[in-house]
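Working notes for the structure below.
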Amino acid sequence: MIGAGGSAFAQTSPKPEPGVIRGPGTDGPIKRGTAPGYDHPDQYIGIPGRKIADNLEPVIEHPDQFDEARKKLAEIEKKTGKKPNIFVFLLDDVGWMDFGFNGGGISVGASTPDIDRIASEGLILTSAYSQPSCSPTRATILTGQYPVHHGILRPPMYGEPGGLNGNITVAELLSKEGYVTQAIGKWHVGENEGSQPQNVGFDDFRGFLSVSDMYTEWRDSHFNPEVALSPTRTAFLEEVPFNKYDVHAVKGGKIENVGLITVDYIKDLDQRWADYGVEFLKKQKGSAKPFFLYYGTRGCHFDNYPNAYYAGRSRARNSYTDCIVEMNDIFARLYKTLAETGELDNTLIFFTSDNGPEQEIEPHGRTPFRGGKGSTWEGGVRVPTFVYWKGMIEPRKSEGLFDLSDILPTALSLAGKPGAALSGLVKKDHYIDGLDQASFLVAKNGNSNRRSILYFWNDKLSGVRLDEFKAFNLVQLPFAFTRNGNHGGFTGSVAETAGGTVFNLYANPQEDNSIAIRHIPMSIPLLSETDRYEAVLKKFPPRIQIGFQ
Ligand code: CA
């Protein structure tokens, strides 16, 4: 007789030998610590976070790493006589795989040798998360809050009111700790006076108040002939009350217009800002005060207009990849200035993007993951990120979870206010969603302090990630209504899942094969994590500034 599985041996039913059973659960109760296998030190699905203050998120603590990091920070402060400089280099709409350090770079036609080298000398974060689009992420970096708490759920466009509106920012908190605070480049977290950089903690600002396409798309007869070749429609746009200039402002002062941003002017805009950045860094040489530089590039948000030097400079020769090459050079120039001024050893650099590639307008960036800008698929929110600090951060790659909301608490930690100390710097009813990750970055082989990533679709929870497991409540469907043309995060519809949509991001980074029912045990912690945050939202309710209502 042949067995059901087709094997002639199936009828013999051999008795299991020790070591060949498929799991300890078949052999009576398991004692903690006796299960076979290996625990990776930065996987926390089976470990609860610890609440350290009422208005802060729970953390995964590593006391030894915390002590080691504080010791290293104290030593360097003794040597330099000041707290470390903090430099955030924030790209626009650039995908996880655009740079060589994540497998892109020359292999996708855009060499990024300087960025790749500096990344390889720092900590490359393979699971760093933004929000799905520009303004929500930028406000998250500046406030340390998720969009439900800072209230900017989508980008304000063409002079719409609303924005940061006096919210507490990292610049304001660092100013109080004695930092010089400088913002350069793209702002896009509110044009109204109360939201402008010089009124939310920055000593000085040079850049534009909104987003690249808004200055040029209606002027360009190639992209928008319907407007640009109509005198009446052009006049209408000229009269829409939004600022159309490259601007400058100093703390407490008014915005001054530097130059009208036309299709011609914008070609050199990133170079103009880089000049300003280099001048700022030169001024900081040997300063008794540390600085916080928040630098948002114009590139490579559509529309990219390469200048005479960069046109065709990338192997792929399209305007997007030419821009990536220009971004490499600009980052290298700022880095080199830090080295020349002697400040590099005392500067922590965060390199990241504000969201994944915008997939509705070509040419655009790349991601190996599903989806793009505007969605909570990994492609929309997992961003190319590294943290560099010469001699202080050990070169390595980590899959530890990092959310861009962590930048504010981490910056404050470097400035001498670690962990729960942040709670006392803001009002009791002000919730901070970011965590202090200083020990993750600075301790040797430091591990993330973050247990989960929460994904938001506007003001609603869209999903949660713990370790390699991601559960979805709301998904974005770019092909819901349209069969033709480009599809990305702002096209289509959003749908509720039936409750059984869980992906294993290691087995299935494309998120197209749900393993929820096979892996119900892992759904338990995923669901309790969203329940936990729903309770936070009851206590610290959403405060919507710019939404879809
Ligand atoms: Ca963006």
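The values are calculated or read from the model by the stated rules, or taken from the named source; none is laboratory data. Quick caveat: nothing in here was measured; it's all calculated off a predicted structure. Glycine also receives a Cβ, built like all others from the backbone with ideal geometry; neighbour counts cover every protein chain displayed. Heads up: the accessible areas ignore ligands, DNA and RNA and are worked out on the full protein's heavy atoms, side chains in. Shrake-Rupley method; radii C 1.70, N 1.55, O 1.52, S 1.80 Å.
The table below gives the values:
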quantity: Any hit, the stretch 125-140, residues being of a type in the set (Phe, Trp, Tyr), at pLDDT 95 or above, open to solvent by less than 10 Å² (accessible area, probe 1.4 Å) and more than 16 Å from the ligand (Cβ to nearest atom); calculated: no
quantity: Qualifying residue in the stretch 393-401 (condition: assigned to a strand (DSSP E or B), out of contact with any helix residue (DSSP H, G or I) (no Cβ under 8 Å at 6 or more places or on another chain) and farther than 22 Å from HIS150 by Cβ); calculated: yes
quantity: Of the criteria (1) within 16 Å of the ligand (Cβ to nearest atom); (2) without any contact (Cβ under 8 Å) to a residue 60 or more places away in the chain; (3) buried (at least 22 other Cβ atoms within 10 Å of the Cβ), which one MET157 fails; calculated: (3)
quantity: Pick from the stretch 326-353, criterion out of contact with any Lys or Arg (no Cβ under 6 Å at 6 or more places or on another chain) and part of a loop (DSSP other than H, G, I, E, B), ranking: farthest from the ligand (Cβ to nearest atom); calculated: GLY342
quantity: Pick from the stretch 97-116, criterion without any contact (Cβ under 8 Å) to a residue 40 or more places away in the chain and not acidic (Asp, Glu), ranking: most open to solvent (accessible area, probe 1.4 Å); calculated: SER107
quantity: Of residues in the stretch 193-208 being in a loop (DSSP other than H, G, I, E, B), without any contact (Cβ under 8 Å) to a residue 60 or more places away in the chain and more than 22 Å from ARG154 (Cα to Cα), the one least open to solvent (accessible area, probe 1.4 Å); calculated: GLY201
quantity: Residue in the stretch 395-405 that is farther than 24 Å from LEU91 by Cα and open to solvent by 20 Å² or more (accessible area, probe 1.4 Å) present; calculated: no
quantity: Every pair of residues 6+ apart whose Cβ atoms lie under 6 Å, when the first sits in the stretch 352-371 and is at pLDDT 95 or above while the second is within 11 Å of the ligand (Cβ to nearest atom) and among the β-branched types (Val, Ile, Thr); calculated: THR352/VAL383; SER353/VAL94; SER353/VAL383; ASP354/THR137; ASN355/THR137; GLY365/VAL94
quantity: Residue pairs meeting the criteria (Cβ under 6 Å; at least 6 apart or on separate chains; first aromatic (Phe, Trp, Tyr), in the stretch 117-141; second open to solvent by less than 10 Å² (accessible area, probe 1.4 Å) and more than 10 Å from the ligand (Cβ to nearest atom)); calculated: TYR129/VAL381; TYR129/ASP403; TYR129/ILE453
quantity: Residue that is farthest from the ligand (Cβ to nearest atom) [pool: residues in the stretch 308-325 that are in a helix (DSSP H, G or I) and open to solvent by 10 Å² or more (accessible area, probe 1.4 Å)]; calculated: VAL325
quantity: Any hit, the stretch 67-89, residues being in the same structural domain as ALA288 (by TED's automatic domain parsing) and on the phi > 0 side of the Ramachandran plot; calculated: yes
quantity: Selection from the stretch 414-467 of residues that are under 18 Å from GLU68 (Cβ atoms), surrounded by fewer than 22 Cβ atoms within 10 Å (Cβ to Cβ) and of a type outside the set (D, E, K, R); calculated: GLY416, PRO418, GLY419, ALA443, ASN445, ASN447
quantity: Answer residue from the stretch 209-227, given it is more than 16 Å from the ligand (Cβ to nearest atom) and assigned to a loop (DSSP other than H, G, I, E, B) and is surrounded by the fewest Cβ atoms within 10 Å (Cβ to Cβ) among those; calculated: HIS222
quantity: Which listed residue is buried (at least 21 other Cβ atoms within 10 Å of the Cβ), within 16 Å of the ligand (Cβ to nearest atom) and part of a strand (DSSP E or B), from VAL88, VAL94; calculated: VAL88
quantity: Sole residue being open to solvent by 10 Å² or more (accessible area, probe 1.4 Å) and either away from the ligand (no atom under 15 Å from the Cβ) or not assigned by TED's automatic domain parsing to the domain that holds PHE87 (or both), chosen from ARG382, ARG370; calculated: ARG370
quantity: Hits in the stretch 502-539 - residues which are surrounded by 18 or more Cβ atoms within 10 Å (Cβ to Cβ), within 24 Å of the chain's Cα centre (by Cα) and in a loop (DSSP other than H, G, I, E, B); calculated: LEU505, GLU511
